[in-house]
Structures are given as structure tokens and as C-alpha cells.
Amino acid sequence: LRGGPEVLDVEGAWNPELTTKLLNKHKERYTSLILGSHHVVGTQVSVDEAVELYRQCRIQERAHGAKVVLSILSNDNNEDHLAYDSSLIAAKDKPEIPNIGLLLGEIGSYSRILNPRYTPVTHECLPSVAAPGQLTASEIMAGRLNDGQIPSQKYAILGHNIAYSVSPQMQSSAFAAVKLPHSYSRADLETVEEFVEGPIWNDDDFGGCSVTIPHKQNIIPHLDVLTDAAKEIGSVNTVIVKKDKKGTRVL
């Protein structure tokens, strides 16, 4: 903790008194994120037992995230979904914190594709995989694309007289490099209204846009939420599309 790591992994089954002492000291002066974790090696637990492990890793409701690494003995009935399925159930607890769910070994490699965040990876340049069952980032992304986990989204740069902009080439290359199926185009239009009434803005797959001259101010009335910086400056550089809990689009 004194070393100032960005994330400190704390065993969820550690001595309760020592855990409390550590967390109290953390609250006093440290900024590291606390990740409660637990590994089950060589034994297969039930979904209910796995859910309880996630809850244990919340560590007195003071952890910023929970990581549970499980073992499966066979994969005859989609057991490789165990960590993911149980993490979804545990995610309903309040307050919400991110869960990380993985399975050990080659038999559990698919769990690394299912796990949505902070998945440990190996790299193509290593002489061997960092741990049995680990995948490269490219393999994980390819698996997620194959499963349809990553829907394609449409992005654009909005402005006028912007033929000079290299944003489409730059952003499209970045998407390709990280295996994302998104597109990024140029919307060279005289007015914001043309864009807002057009096909990109109104597409269900619209993910957002960069905004450049002369539209940085005129875009504001068409947005639902402004950051404090945008309010203070009085102009917008980037539009981000999110969905609320009801699935309604928020810009």
C-alpha cells in the first residue's frame, strides 16, 4: 500500500482483523483502488457458491472491484460460462462495483473472451503464454467479434470545409489496430441541423462524433448533458452517446 500501486489486490478470505486494519489505513491517506480477489484451484463450485465468493470479495463493501478465479473439471454443459454467469448475478448487488470472472487453464480460456473488463492477456512476442489458458488481446477481440459481443458503431467528425482533416484515416486505423468493427467518417456540412437530421446522427449504431469549426457552439442545443468544462467554455469538442438504464439514448 505504501508503494502507491494503482490497484491493490487484496485476498477476500484474508484475516478479517488485518483486512480491516489495511482498509482503515487506506482510507486515511492512500488512493490505490482496492480489488478484492479469490482463487479456487482444483475444485469446481456451484453458481450459488461462486456468487457468494464475489460477495466475499466486496470486502466489507469497501472494495472498488471483485475478482473471482475459478476452476472447472469439464466443459460438457457450458461450464466455461460459470465465472461469467455468476458475475452477472452478483453484479445486481448494491452498491455496484465491477466484477472480473475468470477460469483457470486451457479449459477455461473462453472465460477470457466472456469477461468484459481487465482480462489478463499474453502477447504474441512472448516465447510462451504467460499462463495456461491466457489469450492475446487480438485473440480475445476476435472471439468477441465472432460471438457478436461488440456491435459495430458509426462515428464521424462534424465540421465544414474540413477536407483537410485526417481524423477519418487516423481513427479508422486505430479501430482496425485494436480489432474494433467501427467506422469513422467525415461529415462536411454547412449547418449542424443537416447532421442532426441526417442518417448518421439518427442511426441506432451512432456512437458519437468529434466536433470542429464552425459547429462547436451550435451543437450544444442538440445535446442532453454537458460536462462542466463544456458549460464553462461554451463549446463542445466531442459528443459521446450513452444509454441509460431504460436503454434510452443520451448524448
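The values are calculated or read from the model by the stated rules, or taken from the named source; none is laboratory data. Predicted model only: the values in this text are computed from it and were never measured. With ideal geometry, Cβ positions are generated from the backbone for all residues, glycine too; neighbour counts draw on all protein chains shown. These area figures cover heavy atoms from the full protein model, side chains too; ligands, DNA and RNA do not enter into them. Shrake-Rupley method; radii C 1.70, N 1.55, O 1.52, S 1.80 Å.
Some notes on this structure:
- Antiparallel content of DSSP bridges confined to the range 87-244, in %, to 5: 20
- Per residue, in Å², the accessible surface of the chain once ligands and nucleic acids are set aside, probe 1.4 Å: 59
- Take 210-217, 6-13 and order them by the average number of nearby Cβ atoms within 10 Å per residue, most first; the result is 210-217, 6-13.
- For the chain, adding -39500 (n - 2.57) for each run of n ≥ 4 DSSP H residues and dividing by the number of residues yields -8000 deg cm²/dmol at 222 nm.
- Summed residue charge, Cβ within 11 Å of L135's Cβ, Lys/Arg positive, Asp/Glu negative: -1
- What separates the Cα centres of the range 1-63 and the range 205-251 is a distance of 37 Å.
- By the rule of a C-alpha distance below 29 Å, with chain neighbours fewer than 8 residues away ignored, the lysines paired with K231 are K154, K216, K242, K243, K245, K246.
- Diffusion coefficient, µm² s⁻¹, Stokes-Einstein with Kirkwood Rh over alpha-carbon pairs of the range 50-92 at 20 °C and 1.002 mPa s: 194
- The accessible area of K154, taken with all protein chains in place and a 1.4 Å probe, comes to roughly 80 Å².
- Prolate/oblate/rounded label for the range 182-251 (Cα gyration tensor, a/c 1.5): oblate
- For the chain: relative contact order, % (alpha-carbon pairs under 8 angstrom, 6 or more apart): 11
- Expressed as a whole percent, the accessible area of the chain that falls on carbon and sulfur atoms is 53 (1.4 Å probe).
- Working note: Cα gyration tensor of the chain, eigenvalues times five, square-rooted, sorted largest first, giving semi-axes of 41, 24, 17 Å.
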